[in-house]
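One structure is given below, encoded as structure tokens.
The values are calculated or read from the model by the stated rules, or taken from the named source; none is laboratory data. Not measured: the values here are computed from a predicted model. Because the Cβ atoms are built from the backbone with ideal geometry, glycine has one as well, and the counts that use them run over all protein chains shown.
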Amino acid sequence: MEWRLPGVFADSKYGLNGSLWTLPLEVVCYLFLAAVYGLGIWRIQWLANLVLLGVVFLSFFMPEFLTPVFAGNKEAHLLPGCFALGALFATNQNLIVIHKQGALALVLLTALLWATSLKLVLFYLCFFYCCLYLGSRKAVVEKLKIPADPSYGVYIYGFLIQQCLGHLFPQQGVLFNQIVAAIIALIAGILSWYYIEKPSMLLVKNFLAQEKESGILKLKTENWLARCIESITGKGALRLVGLIAIAWLVYFVSLYFIFPGYFDPLSFHHSDFYIPAAFANAPGEYYSFTSLLNWPRPLLMWALKFGGYFGHAGSVAWLVAMVFLNCALTALLFKRLLALVIDWRFYLFFALYCYLLFTQPYFYTFYSQDIGSQLSYLLLLIGFIALLEFIDRSKFAAFSVLFVLTTGAMLMKETYALSIGFVTFCWFIYYVKQNWLKAILPGVAVFCGGIVSALVNFKTNSVFVNLSAEQGSAYHIDISILSLAKEMARYAREGVTPLLVIVFGLILFQIYKTYKDKLWVRSFLICLVFALLAWLPNALLPFHHYEGYSFNGLYVCFAVLFFAVKIAQEYGHSKKIFWVIVIFTLLSPLTSIKKYQGTRNTWVLAMEKVQMNLLAGFTKATAQLVPLDKNITVLVTGISAPFHPFAFPESLRSFAGGNKAEYYFVVPKDFPDKVGIKIDLVNYIKESDKATVAYDQEWQFDDQGNLVAINSKKE
């Protein structure tokens, strides 16, 4: 059995013909187990358990999510779940008691629930437990002893031996392969025990004994990663995971009950969402990782290509998870900056913070398309957290990490360049009288990162920072004060609701009333300025205005809610104001109803429905090509929407069987670009050219993207 890179094999549900590379599934499982044991060593065993339980759940109850990842064998999805069960036993061996009563209870439970969906997981759990029980019996432990322990060698060499035998003796059956492989693997395991494993174990044992005697050996379970997580999250990654879980819950509530009124987070609405699949599945070197370095925003192109390996829905899932991580890390950063205590008020306002973000009028219709801004913010956020962690211990480390992450963020997208520059300026003002090196270091790191980004942009002739763009074009830069003021005001109105203005005013009034110095007032205003400077790059492009860009900067802007937590925790008064802020925040979507129902949002939702129909139609149509022995010619008609897979034709290879056809695509008459050319598998033709095309099948779609019929055949 092989583990196959998602989205690159024809026998995968979302696959593509032709392999890029393959790995033994066992190797992937070894790496997974190594990671799990590593998590245990880092004293965050609970996280290992959480990951393992998630794998068990997906493997036994939601195997369709593993289909693009594992081989086409219908039972392949059981393997990761079984591995995860074994790893759960191993990582919790001090808690699990093996005895007769447990074995009998599991046997009885399995028998009682045999007719339910729990059948498989209970069977394997019972089987593993009973094996451990029988293996722990006195008769087995004392009497069944062999001088060597070939089990590990058999385990790691067995797969390789099976594959070699299959290659050398392809005509022999499975039984021959299993018997001969077992014999050879047993011999290899015994040799491995005597000449590799046992000597290595003795060597390590002697080495550790010597270091312990010399007093040099120290416990290393609290390594640098654990310390870093501890410094960021206070009580380790558990808090981070808890905040992500809250973010997901608020995300569900916001989407399902407020806007758009249903929960379908992995759907999409624009041709841009086909870019990841096109990058990941395109033949040749044009979209290779090396070639993409010559593109504008090269790291964004890399991120898109990486996401494409996980299929259409998978590329969106990465971004959704990233948004939750951005929310959680922002909250923890403000917890540290404001010296907050983790209590019910912190969690309440974190939920309100996520609520504001996810109910922002144009969040749903654009956040998953703007992967560059989301990734850029994440890198800058991690960079600033690292700066706080290392600045007093190693200024070189602080500079290096911030420089690398800032450069990466700007090579993703330039959205936050001015914002992070402003933050480092404020840092300089605050620390310059205390320690000039500490004051200047972040600014220098960000400046150097900006220089590198600018050089890359000039080298790649980036359209996004084109100073010579024609007047009226989408990327024409207008630096006039009137134009900037107009665009900034538009983004402010689109991003912040009137009720939120009241909420921010109440919080600012409380800060001014509570604290005698102006430090916290200035800190509050810095958050608002951060958002304004995040809007500024888009405001420079008046002919490229889009409401969705109003979300830029709101991660920090809406984080001013945590100032209310600080006041409540430190002074505990003004409870009425505290709850007024909560109520006004909850009611803020009421002032966005017109925006939710506006033309832009309703049009995007209509396009989302069309794309979902198109995905379903192409999945069905290409699936029937998989069994064919030869490639065919397909005429595709009826698509009238501006967005479709043919906008990035290489994305057709991401569908199972999609590479088994040459396509004649009738271009929508309202969007006549590409007519008369061929890209990859697709020929672009006009409606009037249909009669000249010889085809084996015609795929007819309606104006809503539904596959109406598959007709054969015209010569």
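For F447, only one of the following conditions fails: (1) among the aromatic types (F, W, Y); (2) over 19 Å from S400 (Cβ atoms); (3) assigned to a helix (DSSP H, G or I). What is its number?
Exception for F447: condition (2).
Looking at V693, V666, can you tell me which residue is in contact with a Ser or Thr (Cβ under 7 Å, 6 or more places away or on another chain), outside the structural domain of P283 (by TED's automatic domain parsing) and touching a residue at least 12 places away in the same chain (Cβ under 8 Å)?
V666
Within region 641-689, which residues are buried (at least 16 other Cβ atoms within 10 Å of the Cβ), small (G, A, S) and farther than 20 Å from Y286 by Cα?
Result: A641, A656, G657, A661.
Just to be sure, is A531 aliphatic (A, V, I, L, M) and assigned to a helix (DSSP H, G or I)?
So A531 passes the test.
Is it the case that region 326-345 has a residue that's closer than 30 Å to I679 by Cα and part of a loop (DSSP other than H, G, I, E, B)?
No.
Would it be correct to say that A559 is under 30 Å from K674 (Cα atoms), within 31 Å of the chain's Cα centre (by Cα) and either assigned by TED's automatic domain parsing to the domain that holds P498 or hydrophobic (A, V, I, L, M, F, W, C) (or both)?
no
Looking only at region 37-87, which residues are in a helix (DSSP H, G or I) and modelled with pLDDT under 60?
Of everything in region 37-87, those that are in a helix (DSSP H, G or I) and modelled with pLDDT under 60 turn out to be Y37, G38, L39, G40, I41.
Conditions first: (1) out of contact with any Leu (no Cβ under 7 Å at 6 or more places or on another chain); (2) surrounded by 19 or more Cβ atoms within 10 Å (Cβ to Cβ); (3) modelled with pLDDT of 95 or more. K609 passes all but one, so which condition is the exception?
Tallying (1) out of contact with any Leu (no Cβ under 7 Å at 6 or more places or on another chain); (2) surrounded by 19 or more Cβ atoms within 10 Å (Cβ to Cβ); (3) modelled with pLDDT of 95 or more, K609 fails exactly one: (2).
Could you please give the count of residues in region 620-655 that are under 21 Å from F268 (Cα atoms), out of contact with any Leu (no Cβ under 9 Å at 6 or more places or on another chain) and of a type in the set (S, T, Y)?
Qualifying residue count, region 620-655: 2.
Looking at (1) in a loop (DSSP other than H, G, I, E, B); (2) modelled with pLDDT of 95 or more; (3) more than 21 Å from V496 (Cα to Cα), can you tell me which one S376 breaks?
So the condition that S376 fails would be (1).
Any residue in region 552-564 that's among the basic types (K, R): show its pairings with residues that are outside any helix (DSSP H, G or I) at Cβ separation under 7 Å, as long as the two are six or more apart or on different chains.
Nothing qualifies.
Being in contact with a strand residue (DSSP E or B) (Cβ under 8 Å, 6 or more places away or on another chain) and touching a residue at least 24 places away in the same chain (Cβ under 8 Å) is the requirement here; does I581 meet it?
Here the answer is no, as I581 does not meet what is asked.
Name the residue, out of A226, A247, that is modelled with pLDDT of 95 or more and either buried (at least 19 other Cβ atoms within 10 Å of the Cβ) or not in a loop (DSSP other than H, G, I, E, B) (or both).
A247
Of all residues in region 285-322, how many are hydrophobic (A, V, I, L, M, F, W, C) and not in a helix (DSSP H, G or I)?
Total meeting the criteria: 3.
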